[in-house]
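Please treat every number below as a calculation from the coordinates, not as lab data. What you are looking at is a predicted structure, and each value in this text was computed from that prediction instead of being measured. Cβ sites come from the backbone with ideal geometry, for glycine too, and all protein chains shown count toward neighbours.
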Amino acid sequence: MEASRSSEKCEVEILLLETGKELGRSPAQMQPFVDKLVKDNWLDTADSLRALSAPQWSQLQLPLRLEELLKKKLNASPAPTSSASASSGSVAFSPSVSFSPCSSSPAAPAASPASPASREEQASSSTGSETEAPKKREGNVFTEEDFAVVYAAVTDETLFPFSLTEAIEKLQIDVPRDSLAGVLRTLFTVIDGVLAQPSNPKKRRLRKANSSFHSQVGQFRAAVRVMEAAGFCEGKMRDPASGLLDDFWVMDTAYVMRLTDAHHLLAQLAEHAGVPAPPLPSSGFNPYSSSIVSASGTSLSQVAGQHGQMRKIENAQLKEKIRQREQLLETGGGEEVPLSPAVYALEELRQREKAEKASLAHESSDVDEAPAGEKPTLTAADIARIKE
């Protein structure tokens, strides 16, 4: 049954599965791309993919790395021609170097002899394919030319074998408590190193035989899952010193937003475990941040120098003015009236009223009963002056 199902696979499906295997992806992870190309768009042959234009490739919305590898394989494997076997009267079909053909079908009749112009075109195309063939990445071998940096947010989780949240939850559960601090420090070093210099290839490869890495991270499968969820994969690269192939953990495509999320999630776990987390490093370039505000967690003075410090002072002054205006609106511009509320019973109010009335009556009686000696006396001169 498996042999019959494999024979029913078309060229494009086999090509996608082989490309996914080179990228470390399982057939289940590549199935959405097979459905998109074969079932949704009816692109079941290699020739149909070769005929696509650049706008049509962009409409397919494939991952950048997958699209590049598909184009390399298509350019490195020319379409089979029947001119080589025309003299014998039969067509010998040679499979592509990167994928197997669809289910076998009757051989087509021999084509008519090609014109000299077409022969020259075929010769030039075969020469071009021969020159491009050595550039194709064999197996899971990476070179520094394969590395890319993506600053946009990741919307396709199928690019990664695990989600970040699940991987870090598994890390908290599986790693022993006494080893968690060392694991977190090593993961911070690896991830923050790429964030600080995403274009530096040395930060994006890690030798699997490194004893320090193996003692801290490599011996725990849960810690390796976090690296894979952040974008690392197993691969081979040439040792810069000896030039021999060696096993590495490689990040061929650095997704900056994905790495930033990984740093924040690890920082939350570190806080829960009582491990100090390092600050988020700055990569020096972020197309989604302005020229004065840092989106990397660093201070304004570190990002913009003196201009950033001046902007910080202006912001503080503006906030103080806003606070004063709000306080002025609340108080009406005058001093606050001290309020001293008191609670009285009804009987106490009546007694207070009686006491106030008695006090007023006593004051008025004192004025009316003033002594006679205190009354002013007028002389005859004063009376005459008043009359005048």
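Proximity of backbone amide H atoms, modeled 1.01 Å from N, is registered between Arg207 and Trp249 at under 5 Å, excluding neighbours fewer than 5 places apart on the same chain. Cβ-to-Cβ counts within 10 Å put Ile168, Ile173 in ascending order as Ile173, Ile168, the fewest first. In terms of the mean number of neighbouring beta-carbon atoms within 10 Å, the peptides 21-33, 220-232 order highest first as 220-232, 21-33. Among beta bridges identified by DSSP and lying wholly in the range 145-273, the antiparallel ones come to about 75 percent. Hey, what D do you get for the range 145-273 in µm²/s if you plug the Kirkwood alpha-carbon radius into Stokes-Einstein at 4 °C and 1.567 mPa s? Roughly 87 µm²/s, to the nearest whole number. Summary of packing: across the peptides 174-181, 318-325, 201-208, 11-18, the per-residue average of other C-beta atoms within 10 Å ranks them, highest first, as 11-18, 201-208, 174-181, 318-325.
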